[in-house]
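These notes concern the structure reproduced below.
The values are calculated or read from the model by the stated rules, or taken from the named source; none is laboratory data. Just so it is clear, the model here is predicted, and its values are computed rather than measured. Methodologically, a virtual Cβ is constructed for each residue, glycine included, from the backbone with ideal geometry; neighbour enumeration extends over all protein chains shown.
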């Protein structure tokens, strides 16, 4: 494997300003990719990621878009193509999470969660897949969650949206595999990002205790899995979901 295995490739990372998305942007840039850092609200954080990449000799741009909006996604992909080139590598990472009981899960919460976590994956994937098919090359990685694989009574909408991401990954991968376009997913467990900042310490401690490895995962660890799935080291893999949960959830 070359250290610059993605040299000449263009990567788009949705929700790339923070957490797992930020780690993916930085890791892709270190491997030679030109990186589009998508954000919706975190402009300063996105521009900081771009500065860090440029300081390391890489090429990156910050792109504002609401990836649950068809119009925004169309404009986003157009901007990336114009400034960096056609998207070869797509990481669907943007997401929202609410820790709510069933009687607090309103239709608005449900719709927003599915729009951002699932429909956005559809919109961005559909916006780039035809170009990938025409060029005979494309790699897509969707960020799901272990919530897709186990009951989550306090985050029902989130769990449903992430289960949908797994199903989308399988079905789209099968549909376009013959064109050398691979689609895979990662299902992280508890990861040390901004999302857990408001989690009460006793809840966090209980989650760590229920994790066989007895620790929280790091965004950089998920980024390494994403890089593997985008690379030729996973050349015979498509439609798969890799679980990274410290053993908290395992597949049969």
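For region 44-65, name all the residues that are in a helix (DSSP H, G or I) and within 21 Å of residue 115 (Cβ to Cβ).
46
Kindly indicate whether any position in region 154-175 is at pLDDT 95 or above and over 29 Å from residue 87 (Cα atoms).
If we filter region 154-175 for residues that are at pLDDT 95 or above, which is where we start, we get 156-175.
In the following step, the residues that additionally are over 29 Å from residue 87 (Cα atoms) were identified as 156-157.
Looking for residues that are at pLDDT 95 or above and over 29 Å from residue 87 (Cα atoms), one finds at least one in region 154-175, hence yes.
Table: residues versus (1) touching a residue at least 24 places away in the same chain (Cβ under 8 Å); (2) crowded, with 16+ Cβ neighbours inside 10 Å; (3) more than 26 Å from residue 193 (Cα to Cα).
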| residue | (1), (2), (3) |
| --- | --- |
| 55 | no, no, no |
| 60 | yes, yes, no |
| 78 | no, no, yes |
| 89 | yes, yes, no |
| 100 | yes, yes, no |
| 103 | no, no, yes |
| 106 | no, no, no |
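Tell me which helices (runs of 4 or more DSSP H) are completely within region 155-252 and hold 1 or more residues being closer than 19 Å to residue 144 by Cα, touching a strand residue (DSSP E or B) at 6+ places or on another chain (Cβ under 6 Å) and without any contact (Cβ under 8 Å) to a residue 40 or more places away in the chain, or say none if there are none.
So the answer is 219-230.
Mind counting the residues in region 228-239 that are touching a helix residue (DSSP H, G or I) at 6+ places or on another chain (Cβ under 8 Å), surrounded by fewer than 19 Cβ atoms within 10 Å (Cβ to Cβ) and closer than 18 Å to residue 172 by Cβ?
Total satisfying the criteria: 3.
Given the conditions (1) closer than 19 Å to residue 193 by Cβ; (2) surrounded by fewer than 18 Cβ atoms within 10 Å (Cβ to Cβ), and given that residue 71 satisfies all but one, which numbered condition is not satisfied?
(1)
Taking the conditions exactly as written (under 26 Å from residue 139 (Cβ atoms) and part of a helix (DSSP H, G or I)), does residue 68 satisfy them or not?
no
Go through (1) closer than 20 Å to residue 64 by Cα; (2) not in a helix (DSSP H, G or I) and name the single condition residue 119 misses.
Checking residue 119 against (1) closer than 20 Å to residue 64 by Cα; (2) not in a helix (DSSP H, G or I), the one that fails is (2).
Residues that are touching a helix residue (DSSP H, G or I) at 6+ places or on another chain (Cβ under 7 Å), at positive phi and either touching a residue at least 24 places away in the same chain (Cβ under 8 Å) or surrounded by 18 or more Cβ atoms within 10 Å (Cβ to Cβ) (or both): does region 32-49 have at least one? Don't jump to the end; show me each part of the working.
Initial filter on region 32-49 (touching a helix residue (DSSP H, G or I) at 6+ places or on another chain (Cβ under 7 Å)): 35-39, 49.
Restricting the remaining residues to those that are at positive phi gives none.
No, the conditions are met nowhere in region 32-49.
Which of the residues belonging to region 132-147 are without any contact (Cβ under 8 Å) to a residue 60 or more places away in the chain, buried (at least 16 other Cβ atoms within 10 Å of the Cβ) and not in a loop (DSSP other than H, G, I, E, B)?
132, 138, 140, 142, 147
Which residues, counting only those in region 1-27, are out of contact with any helix residue (DSSP H, G or I) (no Cβ under 7 Å at 6 or more places or on another chain) and surrounded by 24 or more Cβ atoms within 10 Å (Cβ to Cβ)?
Hit for region 1-27 is 21, nothing else.
For region 161-179, what are the residues that are within 21 Å of residue 222 (Cα to Cα) and either in contact with a helix residue (DSSP H, G or I) (Cβ under 7 Å, 6 or more places away or on another chain) or buried (at least 16 other Cβ atoms within 10 Å of the Cβ) (or both)?
Correct list: 161, 162, 163, 164, 165, 166, 168, 169, 170, 173.
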